[in-house]
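Every number here is computed from the coordinates shown, using simple stated rules; none is lab data. Computed from a predicted model, the values in this text were never measured in an experiment. Neighbour counts are summed over all protein chains in view; Cβ atoms, including those assigned to glycine, are modelled from backbone coordinates with ideal geometry.
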2 protein chains.
Amino acid sequence: MTVTIPDDLAEASGGRIVLVVMDGLGGLPDPSTGKTELESAVVPNLNRIAANAALGLHQPVAPGVTPGSGPGHLGLFGYDPVRWNIGRGVLSALGVGFDLRDGDLATRLNFATVDAEGRVTDRRAGRPSDDENKRLVAKLRENVKAPKDAELFFESEKEHRAVMILRGADLRAELEDTDPQETGVPPLPVKPTTPDARASAELMQRVLDAGREALRDEPKANALLARGFAAYGRYPTMQERFKLKCLALAKYPMYRGVARLVGMDAQHTPESDEQAVDLLERNFTNYDFHFIHFKAVDSRGEDGDFGAKVKAVEACDPLIGRIEALNPDVLIVTGDHSTPSRLRAHSWHPVPVLIRSPWVRPSPGQTFGERPCMQGELGIFPTADLMSLALAHAGRLGKFGA
Amino acid sequence: MTVTIPDDLAEASGGRIVLVVMDGLGGLPDPSTGKTELESAVVPNLNRIAANAALGLHQPVAPGVTPGSGPGHLGLFGYDPVRWNIGRGVLSALGVGFDLRDGDLATRLNFATVDAEGRVTDRRAGRPSDDENKRLVAKLRENVKAPKDAELFFESEKEHRAVMILRGADLRAELEDTDPQETGVPPLPVKPTTPDARASAELMQRVLDAGREALRDEPKANALLARGFAAYGRYPTMQERFKLKCLALAKYPMYRGVARLVGMDAQHTPESDEQAVDLLERNFTNYDFHFIHFKAVDSRGEDGDFGAKVKAVEACDPLIGRIEALNPDVLIVTGDHSTPSRLRAHSWHPVPVLIRSPWVRPSPGQTFGERPCMQGELGIFPTADLMSLALAHAGRLGKFGA
């Protein structure tokens with residue numbers, strides 16, 4: 001008798017949970033002040049909430065490991081990101097808002113340039129504009145036929161990147177990239193990595209050959225390189241696992257895609273963070289769990305602009321005040337990973353988190369920041385355990401054993 | 001698509017890492033001052049480095065578990081010591097500097113005394129001197145023939161201990177010790193614990209009988225007891241796993257042996273800690289990863305001499321200053337386990353660690369000691385995760401997922 005935690009302990013009734021994700025929240029100190037972006041921000045609402053909240057740091061994947069956005073969010077939703085690893089092709093399809101179905105085989109395509117001998121001269125086809133990308137994708141849609149008994153979809157991503165989805169019986173994803181990762185050599189053939197994938201490899205090769213043929217007269221984007229073949233397998237939903245009816249409010253399609261992957265309702269497309277909070281207010285009592293996503297904190301971190309990241313954090317503060325006013329039983333504020341502006345990129349550093357609930361052990365005078373979170377009651381814990389804590393604080397997690 | 005962390009994320013280029021191991025660094029407070037050995041030491045270099053470093057405690061095996069030197073170091077090198085458990089015979093062979101090959105069967109031998117009826121009267125043969133030990137080993141070498149198609153090696157360890165290595169086709173290590181662990185009974189026969197090991201058991205019995213015969217006229221050391229049969233299997237190297245070219249600088253053969261086990265270059269034999277640092281300076285740019293081992297801290301802990309352990313820590317401080325001056329991208333200072341002088345032995349207590357890097361979240365005024373490390377940003381983490389952190393800080397660990 002094995003008990004899966006928290007799934008087997010989750011109860012169907014209990015309090016309402018709001019998860020606020022400030023993307024890339026964690027940071028590193030500015031050497032001149034010794035304070036991180038979050039610690040530098042003027043955030044009266046966050047600090048008032050933190051004073052009576054449980055604080056800690058969560059670790060998205062493992063010590064030292066920098067997560068992508070997909071794994072970062074999966075962890076927050078209670079899905080161990082290593083066990084539930086999302087392939088690149090699937091993540092790209094989610095990112096463009098494509099509605100994947102069980103068994104779909106998705107792959108990322110790069111437009112590339114090859115010379116007369118078929119050797120790659122530019123792996124990114126001179127980085128076409130997004131409009132140019134759309135034109136090329138339309139050409140593929142028009143000229144490449146789906147294989148018998150299958151459906152084929154091409155979707156524009158941006159610059160040199162597109163996504164291809166093949167839908168049909170019994171497709172296998174155990175295929176090697178055709179991107180040679182260098183110039184001066186031809187694209188690689190689609191090679192199966194297991195004998196079972198041989199038929200899928202041949203099918204995929206024919207599709208890629210037809211795509212190449214369709215692009216042959218293009219001056220730059222006259223070839224395709226495929227990367228990250230990935231099969232979409234249905235994930236158990238948060239409703240099934242945690243008995244939660246979930247709403248996702250995110251401006252960007254990637255985050256709605258990951259939310260949909262775990263069964264959240266992601267029908268709304270807020271056009272701004274303010275509108276996302278409007279939608280939360282309007283739908284508050286219709287769901288058990290709300291995920292609301294604020295992107296700018298991460299973007300300013302990736303820009304490498306410490307001051308702008310501070311301002312992006314500050315811009316979230318009144319929104320969080322509005323969410324607090326709804327008085328959810330459990331309010332969680334955190335990030336999906338760290339994006340220190342000094343690194344201009346995602347990083348491995350654990351992410352500050354607060355849980356507002358009556359059932360906490362706050363320390364006097366604590367505020368919301370990396371260092372106070374280090375000393376907080378939650379310690380450093382795996383991100384995927386955050387959902388158990390959320391359920392527990394909401395009175396939604398039963399006792400283990402008698 | 002499974003991802004092994006950190007192996008599959010390791011990148012071939014990035015910063016240089018130095019790992020300084022003060023053996024047995026962790027300690028316990030002196031009841032009269034409330035300070036541990038490390039906290040009592042005057043270590044201006046270490047404290048200056050710690051002020052801007054990441055601090056934490058690492059746990060070598062599991063809570064409450066005291067590690068031997070082999071597991072302690074394997075963990076530091078990124079090898080889970082439970083998964084990569086080294087058998088006693090192999091560790092002994094490494095300890096005497098024996099160059100093990102794949103498939104070698106190593107076992108520890110104790111010289112013992114038996115009476116006329118063959119019953120053990122002293123399991124340690126009156127603890128012979130090291131010179132006497134060497135004479136006995138020479139006698140074994142001269143008189144015990146290797147079995148057909150095999151090679152046989154005897155190596156002196158110290159006092160009553162020696163190592164025997166059998167090299168030949170298809171040897172199995174699933175053999176029970178012949179040491180009965182008590183006196184008044186004869187040595188046990190070599191018993192296989194699996195049917196596959198039966199032939200190896202018979203072979204080993206003949207070798208031990210021949211050894212016994214060679215020693216029959218000895219007044220004290222007239223018998224052999226075998227313990228810890230262990231097969232040496234090739235470990236994946238740090239180069240293979242982490243894409244690091246590694247140099248080991250350790251005065252004692254055991255530590256060079258464990259380093260060689262994971263593929264480090266351990267060709268140098270420094271005669272002092274100073275000379276180890278000389279060699280590090282001279283070879284600094286030729287390697288990605290340097291492991292430098294200082295033994296005295298552990299030895300003084302095992303002596304039970306608190307003051308001497310404090311002095312041993314202090315003696316390392318200027319050496320660490322010289323290493324810092326080389327400005328490695330990542331400098332780690334730690335121990336392989338704790339050796340509190342009040343316990344006069346290795347212990348289970350987590351071990352203080354500092355990581356010097358620009359990408360850290362130090363707390364104001366922090367110094368290097370067990371208590372500041374408890375409050376540090378790294379928390380308490382498994383020793384085997386230290387390598388992931390080292391790689392991350394060196395910019396050598398790719399992102400997990402897109």
Helix-only mean residue ellipticity at 222 nm, chain A, DSSP H runs n ≥ 4 weighted -39,500 (n - 2.57), per residue, nearest 500. What is it? -9000 deg cm²/dmol
Pairwise label distance in nanometres, B:Glu151 with A:Asn143, each label 7 Å out on the Cα-Cβ vector: 6.5 nm
Taking amide H positions as placed in the peptide plane 1.01 Å from N, state which residues far from B:Asp122 in sequence (5 or more) or on other chains have amide H under 5 Å from it. B:Thr113
For B:Gly304, place a label point 7 Å from Cα along the Cα-to-Cβ direction in every copy; what are the distances to the other copies, in nm, shortest first? 5.9
I need A:Asp130, A:Asp122, A:Asp104 ordered by Cβ neighbour count within 10 Å, fewest first. A:Asp130, A:Asp122, A:Asp104
In whole Hz, the Karplus estimates of ³J(HN,Hα) for the stretch B:219-224 (6.51, -1.76, 1.60; θ = phi - 60°; x where Gly or Pro) are x, 10, 7, 9, 8, 10
Neighbours of A:Gly335 by Cβ distance under 10 Å: Lys/Arg at +1, Asp/Glu at -1, summed charge -3
Whole-percent pair-distance distribution, where bins are 5 Å wide, for the alpha carbons of the stretch A:266-354: 3, 13, 22, 22, 18, 13, 7, 2, 0
Could you tell me the center-to-center distance, by alpha carbons, between the stretch A:162-213 and the stretch A:290-339 in angstrom? 40 Å
Let me know the charge dipole size of the stretch A:90-231 about its Cα centre in debye, to the nearest 20, where only the beta-carbon of Lys, Arg (+1) and Asp, Glu (-1) is charged. 160 debye
For A:Arg206 and B:Glu11, what does the FRET efficiency come to when R0 = 41 Å and r is the distance between their Cβ atoms, rounded to the nearest 0.05? 0.75
Calculated FRET efficiency, B:Ser32 and B:Ser363, Cβ-Cβ r, R0 22 Å, to nearest 0.05? 0.20
For B:Ala116, place a label point 7 Å from Cα along the Cα-to-Cβ direction in every copy; what are the distances to the other copies, in nm, shortest first? 10.2
Could you size up the charge dipole of the stretch B:121-200 around its Cα centre, putting +1 on the beta carbon of Lys and Arg and -1 on that of Asp and Glu, and report it in debye to the nearest 20? 220 debye
Would you mind giving the average projected area, over all directions, of the Cα convex hull of the protein assembly as shown in nm² with one decimal? 40.8 nm²
Taking Cα pairs under 8 Å and at least six residues apart, what relative contact order does chain B come out at, in percent? 34 percent
For A:Thr2, go 7 angstrom from Cα along the Cα-to-Cβ vector, then report the distances to that same point in the other copies in nm, smallest first. 1.4
Length-normalised contact order of the stretch A:90-231, Cα under 8 Å, at least 6 apart, in percent, tallies to 34 percent
Given unit charges at Cβ for Lys, Arg (+) and Asp, Glu (-), the dipole magnitude of the protein assembly as shown about its Cα centre in debye, nearest 20, is 200 debye
Normalise the Debye intensity by I(0) for the stretch A:90-231, one equal point scatterer per Cα, no solvent, then take log10 at q = 0.12, 0.21 Å⁻¹ and round to two decimals. -0.42, -1.36
What translational D, rounded to a whole number of µm²/s, comes out for chain A from Stokes-Einstein when the hydrodynamic radius is the Kirkwood one over Cα pairs, at 25 °C and 0.890 mPa s? 109 µm²/s
Using DSSP to define loop residues, name the GluC sites (Glu not before Pro) in the stretch A:31-138 whose beta-carbon has at most 11 other beta-carbon atoms within 10 Å. A:Glu117
For the B:Tyr252, B:Thr121 Cβ pair and Förster radius 35 Å, calculated FRET efficiency rounded to 0.05 is 0.60
Just grab the label-to-label distance for A:Glu271 and B:Thr194, each label 7 Å out from Cα along the Cβ direction, in nm (one decimal). 6.8 nm
Would you compute the Debye intensity of the stretch B:52-124 from its alpha-carbon atoms alone, equal scatterers and no solvent, and pass along log10 I(q)/I(0) at q = 0.21 Å⁻¹ to two decimals? -0.97
Per-residue ³J(HN,Hα) for the stretch B:173-178, Karplus 6.51 cos²θ - 1.76 cosθ + 1.60, θ = phi - 60°, Hz, x for Gly and Pro: 9, 7, 10, 7, 4, 8
Among B:Leu91, B:Thr193, B:Phe153, the residue whose Cα sits farthest towards the positive end of the charge dipole of the stretch B:90-231, when +1 is placed on the Cβ of each Lys and Arg and -1 on the Cβ of each Asp and Glu, is B:Phe153
Sum up the charges of everything whose Cβ sits under 13 Å from the Cβ of A:Asn283, counting Lys and Arg as +1 and Asp and Glu as -1, but leave A:Asn283 out. -1
Comparing A:Lys295, A:Lys309, A:Lys158 in a Gaussian network model of chain A (Cα, 10 Å), the one with the largest mean-square fluctuation is A:Lys158
Looking at the stretch B:241-304, which GluC sites (Glu not before Pro) are in a loop (DSSP not H, G, I, E or B) and have at most 12 other Cβ atoms within 10 Å? B:Glu271
How much net charge surrounds A:Gly184 when only other residues with a Cβ under 13 Å from its Cβ are counted (Lys, Arg +1; Asp, Glu -1)? -2
Under a 10 Å cutoff between Cα atoms, tell me which one of A:Asp23, A:Asp385, A:Asp131 has the largest fluctuation in the Gaussian network model of chain A. A:Asp131
For the stretch B:262-276, in order, what is each residue's ³J(HN,Hα) by Karplus, 6.51 cos²θ - 1.76 cosθ + 1.60 with θ = phi - 60°, in whole Hz (x at glycine and Pro)? 9, x, 6, 6, 10, 6, 7, 10, x, 8, 8, 5, 4, 5, 4
